[in-house]
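To start, the structure itself, in structure tokens.
Values in this text are rule-based calculations from the coordinates and carry no lab data. Computed from a predicted structure; not experimentally measured. Positions of Cβ are backbone-derived with ideal geometry, glycine not excepted, and every protein chain shown enters the neighbour counts.
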Amino acid sequence: MGNRVVSQAIPKVDYKALVTGKAVYTDDLAAKDSLIVKVLRSPHAHALIQDINLTRAELVPDIECILTYKDCPDKRFTMAGQTYPEPSPYDRLILDQRVRFVGDAVAIVAGRTKEAVNKALKLIKVKYEVLEPVLDFHKAKDNPILVHPEENWKSLCPVGADNRRNLCAHDVCEEGNIEEVLAECEYVIDQVYHTKANQQAMMETFRTYTYLDTYGRLNVLSSTQVPFHVRRILANALDIPKSKIRVIKPRIGGGFGAKQTVVSEIYPALVTWKTGKPAKMIFTREESMIASSPRHEMEVHVRLGADKDGIIQGIDVYTLSNTGAFGEHGPTTVGLSGHKSIPLYGQTKAFRFAYDVVYTNVMSAGAYRGYGATQGLFAVESAVNELAEKLNMDPVVLREKNMVREGQRMPAYYGETANSCALDRCLEKAKEMMKWDEKFPSRDMGNGKIRGVGVAMAMQGSGISGVDTASVGIKVNDDGFYSLLIGASDMGTGCDTILSQMAAECLDCGMDEIIVHGVDTDSSPYDTGSYASSTTYVTGMAVVRTCEALKDKICEKGAQYLECDVEDVDFDGQQVVNIKTGASISRAEIGNRVMCNNEDALYASEAYSSPVSPPPFMVGMAEVEIDRETGELELIDYVAVVDCGTVINPSLARVQTEGGIAQGIGMAMYEDIVYNAKGKNYSNSFMQYKIPSRLDVGNIRVEFESSYEPTGPFGAKSIGEIVINTPSPAIASAVSHAVGVKVRELPITSEKVYWGMRKEM
């Protein structure tokens, strides 16, 4: 190809709008006369509403309507943005007589001013029958107190769900006899690791604007990662046909998985459907932290055995996951805790992976970058690091002996083969960057402080195999420029740019000759959405297929105009040439001529779904400094080397990696959701819930070791999620090497290090 675009550090197609503040977000598009929508939230973790008195609240001037559970369809649905039939149980109503966590929706208030709505919220009088909640997720399974006792609860997929046991999902998978293998091992690690819930903390909170169009259809503009799923979920919840709903995604101010769940959309949609008036709902930061969709809290029990030479023979993982009050993403996130951690080790004779996902009376969990793999990798990689200490072996050497390598079958990863795997080169490169051999295990700095280094590996996936589907449309316009129609949601990841790069590469044209369109369910081709690291890999392949189909059509039309056989022409991106005579016609001329006396649309659309999900791989290394007197913990240096196949855009891949690592450092060292004894979330602002600033994450250095994925576009795999997975185990290991303290519950704080050191003394 004459015009190399792929693998170039091309700026984002929307960079000018972003840096000048001209990007258009949901609230920028909302009508000025939109009703303001807010929700009255439950003060109790578990209660039945006995009575709601609206008399005084309805008298407030400028109040349009107040809706309760009596005004909502009695039809259960899930808010999880997943492909139908959703693995997540149908366990929600828009408003329910039973409230299941502190912050659960009790009533919807819509009014013409924010002041009126806030006043009305205070005047609603609710009488509750307060029930005992289930707050300890260790005690949830088979607890006599049921979070979901309702008869119309249902599960569409066989995920092991049973509302009568407070089970959202359950499964066991294994290969070989794990008990026999572990019994024969010289060394066994048997530990439990605990990761808390984490907030995505995206800059733009949840928000939605709704209105009825000329045809009486419900139009929904929302900051969402899953427009097509939103359409289906709203149709289910409102009990109206999907044809009555249109969903438009404007610019998104970050999502990180939070917006894969329908958090805000349902409330203004109901108001607009009931009143016929435009409405908008904008979550406050507090609402985004007490009634959203954070990472699943998980406790992971790892048993891991090795022979005398350090060859890992067997891995046994049991994950207990806390889905909270509702099942969103509970059945799907948990699988990654084992399936994306156990396969990293390619010498095992046996494995077992079992899990329970349980309902409790806290805020329901959802999707967050890493999607369960993050929790499982903290546990398994920490166990491997503890094994290295037990063996008195360098953890890098232990991994070199055991890591999965290219061409190996991965039994715990659905039997897939690692057709592209540069994990060995990633480890070698990271070791060199960190100067591991000089720094391992620790160095006394001579000033009362000591530095330690730690390492971790990770893998993720590229879309959901056999499920995710992406469609792309490309048309030739007059003057020959292209319109690229996609259904994938750019939430700051740069997918509009990356997909445009792929199209430009395939079509041998410049980036400025391709116009990319955002998502509108009425006009965009179907795409499952931007989640599960699917866009580059799945939607990218749809782009490649569509471009090939369009080039064939351009050749056919060019041959027609040149009055020759299509076998005699070639398309070089700019013109169709008769290779026998040298006669040619430009793309621009073809684009103009088809506007007149033409019966062939220069448009192509192709879809793609992959039977496999090739994993990207990564190695992360951390260096920490600890004050021996105070336990003060500081991250000094972090190096990461990523194998994401062919790097499509090095600049975007780098910032994705740096951002993911920063989030991973936050999870490892700072972020902590704390509930009181009655289920109230104290971590309801950035004063209580600490996320790291740029000054807190130290020095982050990123490099790439490319492999070539034969099933991916231009050899590419995903990168969006894997980059968050290594900080927690790497930092935990660095702390252990520095001062001998093993922190198995996140976050790893200075306090935990201090008390751990006192205990060791």
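Numerical summary
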| item | result |
| --- | --- |
| Sum of -39500 (n - 2.57) over DSSP H runs of 4+, divided by residues of the chain (222 nm, nearest 500) | -7500 deg cm²/dmol |
| Dipole magnitude (debye, nearest 20) for the stretch 61-160, charges at Cβ of Lys, Arg, Asp, Glu | 240 |
| Gap separating the Cα centres of the stretch 412-485 and the stretch 24-68, nearest whole Å | 44 |
| Inter-part distance where the stretch 284-330 and the stretch 536-579 are each reduced to a Cα centre, Å | 49 |
| Cα lying deepest toward the dipole's positive end in the chain, options ILE579, TYR675, GLY305, charges on Cβ | TYR675 |
| Among (1) 87, 73, 50; (2) 119, 74, 48; (3) 74, 71, 58, the entry derived from the coordinates for Cα extents along the principal axes in Å | (1) |
| The stretch 178-214 and the stretch 613-648: distance between their alpha carbon centers, rounded to Å | 19 |
| Label point distance in nm, THR214-GLU438, each placed 7 Å from Cα along Cα→Cβ | 7.1 |
| Positive-end residue, the chain charge dipole about Cα centroid, Cβ charges, pick of GLY620, ASN361, GLN560 | ASN361 |
| Segments 332-340, 158-166, 632-640, 69-77 sorted - mean Cβ within 10 Å per residue, highest first | 332-340, 632-640, 158-166, 69-77 |
| Cα lying deepest toward the dipole's positive end in the chain, options ALA279, ASN477, LEU59, charges on Cβ | LEU59 |
| Under 22 Å from LYS759, Cα to Cα: lysines that are on another chain or at least 8 residues apart | LYS390, LYS449, LYS742 |
| Assigned charges on the beta-carbon of Lys, Arg, Asp, Glu; the chain dipole about Cα centre (debye) | 2540 |
| ILE240 paired with ASP568, simple spin-label distance in nm, labels 7 Å along Cα-to-beta-carbon | 5.8 |
| Given charges at beta-carbon only (K, R positive; D, E negative), |dipole| of the stretch 465-608 in Debye | 100 |
| Cleavage-rule hits, chymotrypsin sites (Phe, Trp or Tyr not before Pro), the stretch 661-729, DSSP coil, Cβ neighbours within 10 Å at most 15 | TYR682, PHE686, TYR708 |
| Distance in nm between pseudo-label sites at ARG593 and GLN8 (7 Å out along the Cβ direction from Cα) | 2.9 |
| FRET E, pair ARG164, ALA677, Förster distance 22 Å, beta-carbon r, rounded to 0.05 | 0.25 |
| Reachable lysines, given that their alpha-carbon falls under 28 Å from the alpha-carbon of LYS12 and they are not under 8 places away in the same chain | LYS22, LYS249, LYS259, LYS475, LYS551, LYS717 |
| Cα principal axis extents for the stretch 139-231, largest first, Å | 72, 38, 27 |
| Counted charge near HIS296, where neighbours are those whose Cβ lies closer than 13 Å (Asp, Glu -1; Lys, Arg +1) | -1 |
| Footprinting exposure proxy for VAL702, VAL543 (fewest neighbouring C-beta atoms within 10 Å first) | VAL702, VAL543 |
